[in-house]
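Below: the structure, in structure tokens.
The values are calculated or read from the model by the stated rules, or taken from the named source; none is laboratory data. Not measured: the values here are computed from a predicted model. All Cβ positions, even for glycine, are placed from backbone atoms using ideal geometry, and neighbour counts span all protein chains on display.
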Amino acid sequence: MYVVANATDSLDQRIRLAMFTYLERLVDGSSDGTLRSSEINRFVFDGQPMRLIVQTGIWRPAALEAALTIRTTYTPPNQEPPYSDSIGTDGLIRYKYHGLDPNHSDNRALRAAMASEAEMAYFVGVDRGVYVPRWPVWIVAEDPLNHEFALAVDHGLQLSHMTLDPVQRAYVARLVQERLHQPVFRSRVLRAYESTCAMCRLRHGELLDAAHILPDGHPLGEPVVPNGLALCKIHHAAFDQNILGVRPDLRIEVQPKILAEIDGPMLRHGLQEMQGVTLKIPRMRASQPDRVRLDERYQQFRAAS
């Protein structure tokens, strides 16, 4: 919870604090943690409208010297992103310059944010005009050779990124992956599946997860929609534990020993009746589950049955 700004705060501080409070209120009212650009840009400061997302991706209002927000645009599953923002082995996000000119006004605004340790908001696109917000974030380093800045999404990392040993850096990178990429992955998968469990068709988003077909750490285990399934929590757990499997032809199989059990209605309706059901998949081909990944995951299920 952010406190109310006081008279001693600078204009820069008051704008950032008001923005964070505004975003917090929007996210609290969101069912899935995502926000539309139209509502994000309804921000008002001191009675004046102030947009927070712009087309170029880096935004510095005229009243400020340092950047206020950055964004990573949404890229459909079958297209290459215009900028390849990524998490480094040190747990810092690499955020590309605007263009290649280090003295472009947008890049100077990020450099000013780094010099002043300004707190910014970061918007990650999960669909056209839809974002997962993250705040506060900090610019902590610049790499002119690769035309990029390094972005910390954790306060502790902002303070200690220069002193971490390799083991600590690997741990932090994993933490950042979970805190930033997992919510983005969940939002993208649930949107692709129209907030519906692919197995039982449950349509309560708060009860749905984005399940990986192949896990993190696997060469094909990236947090991308073709490696995901929207599953309710019971079917996600059953899938992870190889109680349920999915064939490459999208038919669900139930582990034989589970089919032989006798128990209550959850076992019967929630698990046993999934036998032979066809998975519900997204309409867009590029978002549908990758058959190569499904086949490898199905072989793991068969080995465990």
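Output the number of residues of region 107-153 satisfying the condition of being more than 15 Å from the chain's Cα centre (by Cα) and of a type outside the set (A, V, I, L, M).
Total meeting the criteria: 15.
Test ARG71 against the stated conditions and say whether it is at pLDDT 95 or above, in the same structural domain as SER105 (by TED's automatic domain parsing) and among the basic types (Lys, Arg). If you could, list the steps in order and put the result at the bottom.
Numbers: at pLDDT 95 or above: no; in the same structural domain as SER105 (by TED's automatic domain parsing): yes; among the basic types (Lys, Arg): yes.
Here the answer is no, as ARG71 does not meet what is asked.
For region 277-289, check the following and say yes or no: at least one residue is free of Cβ contacts under 8 Å to residues at least 60 places away in the same chain, surrounded by fewer than 17 Cβ atoms within 10 Å (Cβ to Cβ) and farther than 17 Å from ASN227 by Cα.
Yes; the residues of region 277-289 include at least one that is free of Cβ contacts under 8 Å to residues at least 60 places away in the same chain, surrounded by fewer than 17 Cβ atoms within 10 Å (Cβ to Cβ) and farther than 17 Å from ASN227 by Cα.
Tell me, which strands (runs of 3 or more DSSP E) lie completely within region 192-305 with 3 or more residues that are over 22 Å from VAL130 (Cα atoms)?
Numbers: elements: 208-212, 228-232, 244-246, 252-254.
Answer list for region 192-305: 244-246, 252-254.
Restricting to region 210-228, name every residue that is of a type in the set (A, V, I, L, M), buried (at least 20 other Cβ atoms within 10 Å of the Cβ) and closer than 15 Å to GLN300 by Cα. Don't jump to the end; show me each part of the working.
Keep residues of region 210-228 that are of a type in the set (A, V, I, L, M), which gives 210-211, 213-214, 220, 224-225.
Filter again for buried (at least 20 other Cβ atoms within 10 Å of the Cβ), leaving 210-211, 213, 225.
Across region 210-228, the qualifying residue is only ILE213.
In the list LEU207, LEU202, LEU231, which residue meets the criterion of being closer than 17 Å to PHE301 by Cβ and either assigned by TED's automatic domain parsing to the domain that holds GLY270 or surrounded by 15 or more Cβ atoms within 10 Å (Cβ to Cβ) (or both)?
Details: LEU207 fails: closer than 17 Å to PHE301 by Cβ; LEU202 fails: closer than 17 Å to PHE301 by Cβ.
None of the others qualify; the one that does is LEU231.
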